[in-house]
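Here the structure comes first, spelled out in C-alpha cells, and everything after it is commentary.
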Amino acid sequence: MQQPPSLALGGPPCIVIDSNAVLDWLYFRDPRCAALAAAVAEQRVRWIATAAMRDEIEHVLGPGRLGTRWPEGPASLREGWRRWATMVDATAAVAPLAMRCTDLDDQKFIDLALATGAVALLSADRAVLRLKRRASAWGLAITTVAAWRPATAAVAAP
C-alpha cells in the first residue's frame, strides 16, 4: 500500500468516493457518473481509498445483497477498483481536524479526505453531505457525484 499521495505541483488533485457513489459509478454504471468517470480515466483527478473502504465494498458485493439485475456489476466494480483506485495506508488517514460524522461507518471517508488534502468527497450519504459547509472551510468540497464537476475540484489545466 502506498502512503497518501503527494499533492505536489503538477500532480492531479485527490478525491475520495464513498461506497454508494462507487457503486453508482462502477456497478450500476449510472450515467450521472460520466463526469467522474472521465475525470478519473483522463487522470485529471486521483481517486484514493483505503483497505477498509475496499472491504466495505466487498461486503456489499456479498451474496444476496444487490440482486441479479446487474450480473456484470461485481466484476466491473472490482476491475474499476483495481484499475483506478490509489490505495493509501489507513494509519495515515486519520484526520488531524475534528469533523465528526453522525454515521460512524462514513467517518473513514471524511478522515481520509481531510488527512490527505483531497479536494472533493463524493457521497450519496445524507450524514456526510450535512458536513458540506464545515468541510469547505478546509478546502474540501463534499457533494454528490451527480452535482460534482471536475472544475469543482479545482482541477488545473495542464
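The values are calculated or read from the model by the stated rules, or taken from the named source; none is laboratory data. Computed from a predicted model, the values in this text were never measured in an experiment. For neighbour counting, all protein chains shown are included, and Cβ atoms are generated from backbone atoms with ideal geometry for every residue, glycine included.
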List pairs: first residue in the range 104-120 and over 13 Å from Ala49 (Cβ atoms), second residue of a type in the set (Asp, Glu) anywhere in the structure, Cβ distance under 6 angstrom, at least six positions apart or on different chains. Asp106/Asp125
The correct count of residues that are among the aliphatic types (A, V, I, L, M) and either assigned to a helix (DSSP H, G or I) or farther than 19 Å from Trp47 by Cβ (or both) in the range 103-146 is 12
Suppose we keep only residues that are in a loop (DSSP other than H, G, I, E, B) and of a type outside the set (A, V, I, L, M, F, W, C) within the range 31-59. Which one would you say is surrounded by the most Cβ atoms within 10 Å (Cβ to Cβ)? Thr50
Mind telling me which of the residues Pro158, Pro74 ends up being at pLDDT below 95 and in a loop (DSSP other than H, G, I, E, B)? Pro158
How many residues are small (Gly, Ala, Ser) and without any contact (Cβ under 8 Å) to a residue 40 or more places away in the chain when one looks only at the range 39-55? 0
